[in-house]
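I have a structure I would like to understand better, so I am pasting it below and will then ask my questions one at a time.
The values are calculated or read from the model by the stated rules, or taken from the named source; none is laboratory data. Just so it is clear, the model here is predicted, and its values are computed rather than measured. Ideal geometry is used to build each Cβ from the backbone, glycine not excepted, and the neighbour counts take in all protein chains shown.
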Amino acid sequence: MIIRTLGAGDAEAYRTLMLEAYGAYPQAFTSSVAERAAMPLSWWEKRLSSPLDCLLGAFEEDELAGIVGLAFEPREKARHKVTLFGMYVTRAHQRKGLGRQLVEAALDEARRYPRLKLIQLTVTAGNDAAFALYQRCGFIQYGLEPLAVRVGVDYFDKIHMWRELKTD
Ligand SMILES: CC(C)(COP(=O)(O)OP(=O)(O)OC[C@H]1O[C@@H](n2cnc3c(N)ncnc32)[C@H](O)[C@@H]1OP(=O)(O)O)[C@@H](O)C(=O)NCCC(=O)NCCS
């Protein structure tokens, strides 16, 4: 298993993986399959080339088995913050420590930027696996956003979590 930064050449694999994730876990992600399936390949390529995003992929042989993203802040007063997003491990590779390795890789990547002081994320309330993973990786809850996403007729809250980036 290797974890590396994805580039524009990984766009097809990235799109396939994320559409699978949005379909299999609709409550876990704010994006929907319909919304994202409508985007051309160039949209995914652009995302992977953007200086404001960094996507890390975990590969088993040549298969993309998991992914996590970092979104940087362009505005001067918010540039000390980074957001972890788009965390997904395919069902076949879950519960083998891959999610943990991806979060640790994202933390290591973020620590390469001396300006960054903290990392934040949101997780849908009731997603116990992801919440436990983030807690294990040192994130703590600082808020709860009521009715943050609507999936069909159901509304879900989002837990807001953060941690400092200093090594401990
Ligand atoms: C959440 C997710 C990324 C975890 O990935 P994973 O590779 O299975 O996680 P790991 O094997 O590294 O587990 C790390 C820790 O997460 C927690 N965890 C993972 N799966 C869990 C589960 N099903 N139930 C409870 N805790 C779980 C545990 O604390 C675990 O540590 P432990 O094994 O020492 O107890 C994966 O289940 C997933 O992709 N889920 C669907 C999409 C999703 O919810 N994404 C998060 C959006 S915020």
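From the list Phe156, Phe131, which residue is of a type in the set (A, V, I, L, M, F, W, C), in contact (Cβ under 8 Å) with a residue 40 or more places away in the chain and closer than 16 Å to Phe29 by Cα?
Details: Phe131 fails: in contact (Cβ under 8 Å) with a residue 40 or more places away in the chain.
Sole residue among the options that is of a type in the set (A, V, I, L, M, F, W, C), in contact (Cβ under 8 Å) with a residue 40 or more places away in the chain and closer than 16 Å to Phe29 by Cα: Phe156.
Can I ask one more? Restricting to the stretch 62-95, name every residue that is at positive phi and small (Gly, Ala, Ser).
Result: Gly86, single match.
For the stretch 10-25, give me each residue that is in contact (Cβ under 8 Å) with a residue 24 or more places away in the chain, in contact with a helix residue (DSSP H, G or I) (Cβ under 8 Å, 6 or more places away or on another chain) and of a type outside the set (A, V, I, L, M, F, W, C).
Residues satisfying the conditions are Asp10, Glu12, Tyr14, Arg15.
Right, next: In the stretch 83-95, which residues are more than 12 Å from the chain's Cα centre (by Cα) and near the ligand (Cβ under 7 Å from one of its atoms)?
Hits for the stretch 83-95 are His93, Gln94, Arg95.
Can you run down the residue pairs with Cβ atoms below 9 Å, 6 or more apart or on separate chains, where the first is in the stretch 30-58 and free of Cβ contacts under 8 Å to residues at least 60 places away in the same chain and small (Gly, Ala, Ser) and the partner is surrounded by 14 or more Cβ atoms within 10 Å (Cβ to Cβ) and in a loop (DSSP other than H, G, I, E, B)?
Sorted first by the residue in the stretch 30-58, then by its partner, the pairs are Ser32/Pro26; Gly57/Leu6.
So which of Leu116, Leu133, Leu98 is away from the ligand (no atom under 12 Å from the Cβ), surrounded by 15 or more Cβ atoms within 10 Å (Cβ to Cβ) and either at negative phi or at pLDDT 95 or above (or both)?
Every option except Leu116 fails the conditions.
If you don't mind, there's one more thing I want to ask. Before we move on, is Leu41 modelled with pLDDT of 95 or more and either touching a Cys at 6+ places or on another chain (Cβ under 9 Å) or closer than 20 Å to Asp108 by Cα (or both)?
Criteria not met by Leu41.
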